[in-house]
Structures are given as structure tokens and as C-alpha cells.
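See below for the structure under consideration.
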Amino acid sequence: MTVDQFLEAIGENPNARIYHGVQLRDLQTYIELGHIASRDELFERGEANFTPFGSDIDDQTKLTCGGDVFANLVDQGIFSVTGKGLPNVYGPITLVFRPAALRNSGATQVTVRRRAIWTSDEAAAEVLDGEGTRALYDERGYARSGEIQIQGGVLQMADLAYVIVNPIELNGRRLIDEVATAFHGTRKSDGSAIGSYTRKFRGNGERVYGQLANWAGNAPEHRGDPAALPPELREWFDALGDWKYGNVPRFADYLSHGTLSRLRNQPGHLVPAVAYDVEYDEPPYDYGDDWLEEIFTLNVDEVSARDEIVTRIERAEFHLEQARLTEDAENRDILLHNAWDEYVSAVEDLNEWIESTKCRILNDRDEMHAAVLGSHDSEASWGMTAWADEYVPIEIPEFDLNDPEPVLIRWADALDYADQAPHI
């Protein structure tokens with residue numbers, strides 16, 4: 001189907017997202033290129049700049065889809081909610097786009113499958129039309145499954161909605177910091193910063209993921225052999241489906257080569273590729289009131305950061321008033337400019353705070369809905385998500401020494417907007 005047909009199929013759906021899992025090595029290449037690269041484009045840049053997959057040869061020879069970009073309609077990082085199943089083998093970094101990003105992709109066609117192109121399950125590999133695509137989404141607009149193949153185009157990094165990063169730290173280097181460094185200087189098409197934040201784990205997820213990442217760090221030695229799993233991961237491994245014998249080695253192999261080696265400043269080492277296998281289903285997860293409260297209220301750090309910024313804005317307004325009333329004409333202009341610079345700095349930080357908080361709220365909401373294959377209605381959830389969905393960066397007006405009144409109006413807007421964020 002065409003891009004327009006796909007967008008028409010999902011309708012005006014504010015909850016629809018496109019997810020692309022990636023390793024740090026590949027992300028750095030994407031940012032350099034300015035878009036998510038196809039496998040063929042990555043091959044041209046050399047193995048040092050991407051993570052080879054076990055399916056690469058077949059993509060080129062059997063399916064001839066190496067020039068296309070693949071993504072999912074549901075977050076493959078759902079492991080973080082349940083602590084069961086396998087984390088996304090393609091990478092600990094999830095790039096999240098809204099479907100409208102396809103309009104800027106240059107794509108000639110998109111193909112939607114129920115599960116994935118590479119699977120032995122014919123039903124899972126079924127190509128869907130508009131009606132079938134629409135059926136992937138529940139009544140509230142959240143996809144239950146789905147893979148999208150973007151043909152003749154690429155997703156632009158400037159169209160990113162936000163980035164989710166798994167909590168990995170190696171030799172004192174945090175993956176979330178490396179991602180932030182990689183995106184330094186990269187902006188969205190509207191000029192705002194690209195928000196990135198750490199994925200939250202539930203239940204045993206954090207413990208199991210940490211153990212898996214540590215085990216993957218030694219992949220060049222154990223070659224991703226499940227027999228080399230530590231005793232504390234045996235119960236987790238035994239509960240997986242038959243696909244585990246192919247996909248667990250792939251997870252370790254790709255993570256070691258594509259991300260952990262970069263955190264170590266090493267060139268990486270890829271063990272022999274393993275066969276691609278069918279994707280897996282996750283069991284639904286029940287959520288409780290404590291989780292909902294955590295998602296739909298500001299946490300202590302968010303409140304503290306917001307209040308500190310608001311205080312800075314109020315202080316800058318006070319300094320501006322002092323400068324306007326001063327009888328020292330010689331220093332008046334200097335004082336006004338200093339107050340203005342103080343205001344600009346605070347508003348820029350406020351915009352970044354709102355954007356990062358918005359990303360956290362919306363992703364936590366999406367993660368919860370994906371986990372329960374549904375959605376949640378409450379005054380708190382709708383109030384918080386409405387605030388996040390309606391966010392528009394606060395514009396900074398031109399400063400006129402002879403007419404500072406517009407500045408005071410924008411200050412009032414900034415303070416009022418920040419105070420709209422619900423309190424704990």
C-alpha cells in the first residue's frame with residue numbers, strides 16, 4: 001500500500017507509533033547520515049559502522065529487501081514490563097516515530113505484516129491490506145503486533161518523536177549518556193531537542209536484563225552459547241519457547257558487537273551469525289495503582305527541577321523590574337541585558353524539562369498499554385497525557401530595551417504553563 005493508504009488505514013490515531021530497535025554502533029551511523037539506513041546502505045559503509053545480522057545474506061539473495069527499512073508497530077522492548085521473554089535482539093536503543101514521519105520518508109510503498117517478514121509461521125508473515133492493518137489496533141489505537149517495511153524511503157532522524165534507552169552501564173559509561181552525546185547538535189524538524197530517557201523495568205525485568213547484559217559482555221568467549229548462561233538465568237531461559245536456541249545467541253552477539261564494544265572503545269567482535277527465527281509472544285501483564293500513580297504524576301526529581309527553573313524565571317523578572325526602575329542610566333542597559341540573558345537561559349531549560357517530562361509520560365503510558373494489550377482510563381491519565389500531547393515550546397520574543405512589556409507577557413505564559421503540570 002502507499003503511505004497515504006497506510007495513514008488512512010490507521011486514521012487520526014494519536015497513540016500509533018513506529019518503533020525501530022538499534023545498537024549504539026548503528027545509531028551513530030544513522031545520526032551521521034541523518035536517517036535510518038537500509039541494510040544495503042550500511043553494507044556500503046563497512047562493518048565497523050553497523051552490526052551485521054544473521055539474516056543479511058538471505059535479505060539480499062532470497063528476499064531482495066536489503067534496500068528497505070524495517071520497523072515495528074509495537075514496542076519490542078515489552079520485556080521491560082514483564083521480565084519475561086527476550087529483550088529486543090536488535091538493540092537496547094528504541095527510536096520512536098509517529099506515523100506522520102512517513103510523509104517525509106520519500107517511501108513509494110509500505111508493506112505491513114502481522115508479525116515479521118522472517119518467520120516460519122505463514123500467518124505471522126501475512127501481508128495485510130488497509131482493513132487488516134486497521135485490525136492490528138485495539139479500540140483505543142494501540143497496536144497489538146505488526147511489522148512495517150518501508151520501500152524506497154527512509155525515516156529521517158529529524159522526525160523522531162523520542163528515544164528509549166535500556167539501562168546499561170559499562171566501565172563507568174552509561175548508555176543513556178552516550179546516546180545523548182551522539183544526538184548532540186541534532187534537532188527535530190521543529191527545532192526542538194530530541195528527548196531520550198531510560199526505559200523502566202518492572203518485576204524481575206531489571207535484574208534479569210542486567211544479568212543478560214553482563215553475560216552478553218563475554219559473548220566473544222562463550223559465543224552466545226545458552227549452555228554458558230549463569231545459573232541465575234536458567235529459570236528465565238527454560239521458560240522461553242523453542243525459538244530461544246537461535247535468538248538468545250543473537251541477542252548476546254549483537255549487543256556485544258553493536259553496543260558493549262563501543263562502551264569499551266573496542267572495534268567489536270562478531271561471532272558466526274545464527275539463523276533467524278520466529279518472533280515471540282509476550283504474556284499480558286497486570287498493573288496496579290502504584291504503577292499508575294508513578295506514571296501519571298510528576299516524580300520528585302521532575303518537581304524539583306521544575307520548581308528550580310520557575311524560581312529562576314521569577315528571579316529574572318524581578319531583576320528586569322529592578323533594571324527598569326533604576327535611576328542609574330549608565331548601567332540600565334547592562335542590567336536589562338543581563339536580566340534578559342538570565343530569562344532566556346531559564347526558558348530554554350524549561351522547554352527541555354517539559355520535552356523530557358513529556359517523553360517520559362507518553363512512553364510510560366505506551367509501555368503500560370502495550371503490556372496489558374489495552375488502555376487505562378482515569379482522570380490522572382487523561383489530564384497528564386493531554387498536557388503532554390498539547391505541549392508547544394515556549395517562544396522567546398525579540399527583546400526591545402524600549403518596550404520590555406512583551407517579555408513580561410511571555411514570562412507569565414512560561415510560569416502558567418509550567419504550573420499546569422500536575423503536582424504529586
Checked against (1) at pLDDT 75 or above; (2) within 27 Å of the chain's Cα centre (by Cα); (3) of a type outside the set (Gly, Ala, Ser), TYR276 satisfies every condition except (1)
So, first residue free of Cβ contacts under 8 Å to residues at least 60 places away in the same chain in region 330-344, second residue not small (Gly, Ala, Ser), Cβ within less than 6 Å, six or more apart or across chains; the pairs are ARG332/THR326; ALA339/HIS319; ALA339/LEU320; VAL344/ILE396
| query | Looking at this structure, is SER345 outside the structural domain of ARG187 (by TED's automatic domain parsing) and modelled with pLDDT under 75? | reply | no
Does ASP26 qualify as being within 21 Å of LEU212 (Cβ to Cβ) and either at pLDDT 85 or above or in the same structural domain as GLY153 (by TED's automatic domain parsing) (or both)?
-> yes
Checked against (1) at pLDDT below 90; (2) hydrophobic (A, V, I, L, M, F, W, C); (3) under 23 Å from the mean Cα position of the chain (by Cα), ALA125 satisfies every condition except (3)
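The values are calculated or read from the model by the stated rules, or taken from the named source; none is laboratory data. Owing to the predicted nature of the structure, the values given are computational and were not obtained by experimental measurement. In this analysis, Cβ positions are derived from the backbone assuming ideal geometry, glycine residues included, and neighbour counts consider all displayed protein chains.
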